[in-house]
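Colleague: Pasting a structure here, questions to come.
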Amino acid sequence: MKILPAIDLIDGKCVRLYQGDFSKTEQVGSDPISQLKTFLADGAEIVHIVDLDGARSGEARQYQLIEQLCEIATVPVQVGGGIRDIETIEKLVNAGADRLVIGTAALEDEEFLREALERFGKHIVVGIDAKNEMVATRGWENVSEMHYITFAEKMEALGVQTIVFTDISRDGTLTGPNLEQLQKLNDAVNCKIVASGGVSSNEDIEALDQIGIKEAIVGKAIYDGKVTLKGLKS
């Protein structure tokens, strides 16, 4: 099991949202660069970075900071937030990002996703963020009429190999991941599933491992010391 510690960025600061609500923002940890160095020292194998300003606005807003973080990182970096055109993908790949999470654009712009997969296949991850099992977009502020399983099956058919799944209702709550929805998703597609949202303890990590999930993004629980990176390496 790999733990992906999360660095969520708003205006250059590390923050956590509660259930994806931008009005419920809490600054956590230290500055992003110091926080990354701490995660690396603690044994992180992959780091997850989200440009929340970009997710909301539709364009990468914190590229220079993310570039700095990629330069410092000695492990793969997964980046999401506002990745909705090929130019942004090129910039982030050139900056050193290993995985790029495409969320809104995967649902709203299939031609872009097809081109991204064709040109940058190994780097492309699709983020499925669900509210009441329906896919949400644009920083989780819009909810579509697409069921998360239907969307995942469509993504697999297009050639997507990795999906990050977030149950928005669990995100930032420390109430545990939605094991039922994750199990259904893992059964429905052959993609690698990365769990996100609600992880509160090392026991939650073990529960994910038991249903076949091998990677989990953890935010608030790591900052609160409820989940540790040391001793959990794959």
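Colleague: Here are some conditions: (1) at pLDDT below 90; (2) farther than 17 Å from V50 by Cβ. W140 meets all but one. Which one does it not meet?
Modeller: (2)
Colleague: A follow-up question, please. For the stretch 70-96, how many residues meet the condition of being within 20 Å of E45 (Cα to Cα) and under 13 Å from the mean Cα position of the chain (by Cα)?
Modeller: Number of matching residues: 4.
Colleague: Conditions first: (1) surrounded by 16 or more Cβ atoms within 10 Å (Cβ to Cβ); (2) closer than 17 Å to T162 by Cβ; (3) out of contact with any Leu (no Cβ under 6 Å at 6 or more places or on another chain). R119 passes all but one, so which condition is the exception?
Modeller: All conditions are met except number (1).
Colleague: Oh, and also: Quick check on my filter: what residues within the stretch 145-161 are of a type in the set (S, T, Y) and either in contact (Cβ under 8 Å) with a residue 60 or more places away in the chain or surrounded by 16 or more Cβ atoms within 10 Å (Cβ to Cβ) (or both)? Walk me through it before giving the result.
Modeller: Applying the first criterion (of a type in the set (S, T, Y)) to the stretch 145-161 yields 148, 150.
Matches in the stretch 145-161: Y148 only.
Colleague: Still on this model: Given the options T74, T137, T88, name the one that is of a type in the set (S, T, N, Q) and closer than 20 Å to C191 by Cβ.
Modeller: Numbers: T74 fails: closer than 20 Å to C191 by Cβ; T88 fails: closer than 20 Å to C191 by Cβ.
Criteria check complete, one pass: T137.
Colleague: Taking only pairs six or more apart or across chains, which ones have beta-carbon atoms under 8 Å, a first residue in the stretch 176-188 that is more than 9 Å from I149 (Cα to Cα), and a second residue that is among the hydrophobic types (A, V, I, L, M, F, W, C) and surrounded by fewer than 21 Cβ atoms within 10 Å (Cβ to Cβ)?
Modeller: Listed by first residue and then by second, the contacts come to G176/A207; P177/A207; L179/A207; L179/I211; L182/I211; Q183/I211; N186/I211.
Colleague: So, in the stretch 51-80, exactly how many residues are under 16 Å from I124 (Cβ atoms) and modelled with pLDDT of 90 or more?
Modeller: First pass over the stretch 51-80, keeping only residues under 16 Å from I124 (Cβ atoms): 60, 76-80.
Still in the list and also modelled with pLDDT of 90 or more: 76-80.
Residues that pass the stated criteria total 5.
Colleague: Are there any pairs with C-beta distances below 6 angstrom linking a residue in the stretch 116-137 that is over 13 Å from L100 (Cα atoms) and of a type in the set (K, R) to a residue that is part of a helix (DSSP H, G or I) and modelled with pLDDT under 95, with the two at least 6 apart or on different chains, and if so which?
Modeller: Matching pairs, first to second residue: K131/I168.
Colleague: Step by step: first the residues of the stretch 34-67, then only those that are polar (S, T, N, Q) and touching a strand residue (DSSP E or B) at 6+ places or on another chain (Cβ under 7 Å), then the one that is surrounded by the most Cβ atoms within 10 Å (Cβ to Cβ). Which residue is that? Let's see the steps before the verdict.
Modeller: From the stretch 34-67, those polar (S, T, N, Q) are 34-35, 38, 57, 62, 64; that's our starting set.
Cutting the leftovers down to touching a strand residue (DSSP E or B) at 6+ places or on another chain (Cβ under 7 Å) gives us 35, 62.
Values: Q35: 20, Q62: 23.
Among residues in the stretch 34-67 that are polar (S, T, N, Q) and touching a strand residue (DSSP E or B) at 6+ places or on another chain (Cβ under 7 Å), the one surrounded by the most Cβ atoms within 10 Å (Cβ to Cβ) is Q62.
Colleague: Scan the stretch 165-184 for residues that are more than 13 Å from the chain's Cα centre (by Cα), closer than 19 Å to K2 by Cα and not small (G, A, S) and report the count.
Modeller: Residues in the stretch 165-184 being more than 13 Å from the chain's Cα centre (by Cα), closer than 19 Å to K2 by Cα and not small (G, A, S): 6 in total.
The values are calculated or read from the model by the stated rules, or taken from the named source; none is laboratory data. As the structure is a computational prediction, the values presented were derived from the model and not from experiment. Virtual Cβ from ideal backbone geometry, glycine too; neighbours counted across all protein chains shown.
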